[in-house]
Amino acid sequence: MRARWLAALLVAAGLGLYAAVGAPMQRQATAAADEYKRARDEARDIRARLARLERRDAAHARAAAALPAAATPADTVRAVRRVVVQTLQEAHVSGVRLGVSAARAPYAARVRLSAAGPFAQVVSLAGLLARPERGLVLEKVRFSPRGETVSLDLEGVTLGASP
């Protein structure tokens, strides 16, 4: 009989010890694991955001360096127009309307372009204009179906303040 009471006492002591120490430690470990997961996810998000910002800054630096420094805003506009016209010669589109004007800092020039043509050619033109070596940063690009062709309306800027 004594062994049964001793066994019951040991079981009760074990349950008491678990309730006093084990359960709070388990909750604390779960909370620490959740906090670690949040911190890990936040660090991953910060690294991804930093990588996006670094890519954007590198693209801006390449775009700003793509066009030679011009003495006047008119020289900048001419240089940008020349780059866009050379790009247009590579694409087989029609109905092109091009407008290039000087812009306020931090931009050097503003470009507005509309063109029409086969889908592949119009998308290719947008891709060519978006290349970093062209120096043009696209702000708005809109494709619209027009019968057998597709029209492109594009707005962009060049970086770097014109003097």
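Coordinate-derived values only; no laboratory data. Predicted model, so just to flag it, every value in this text is computed and none were measured. Heads up, the Cβs are rebuilt from the backbone with ideal geometry, glycines too, and the neighbour counts pull from every protein chain shown.
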Residues whose built amide H sits under 5 Å from the amide H of G135, excluding neighbours closer than 5 in sequence, are none
Given +1 on the Cβ of Lys and Arg, -1 on the Cβ of Asp and Glu, and no further charges, what dipole in debye does the chain carry about its Cα centre, rounded to the nearest 20?
300
Helical contribution to [θ] at 222 nm, DSSP H n ≥ 4, -39,500 (n - 2.57), averaged over the chain, rounded to 500
-19500 deg cm²/dmol
Taking only complete DSSP H runs, can you tell me which helices of the chain stretch 15 Å or more along their own long axis by Cα positions and average at least 0.0 on the Kyte-Doolittle scale?
2-17, 119-130
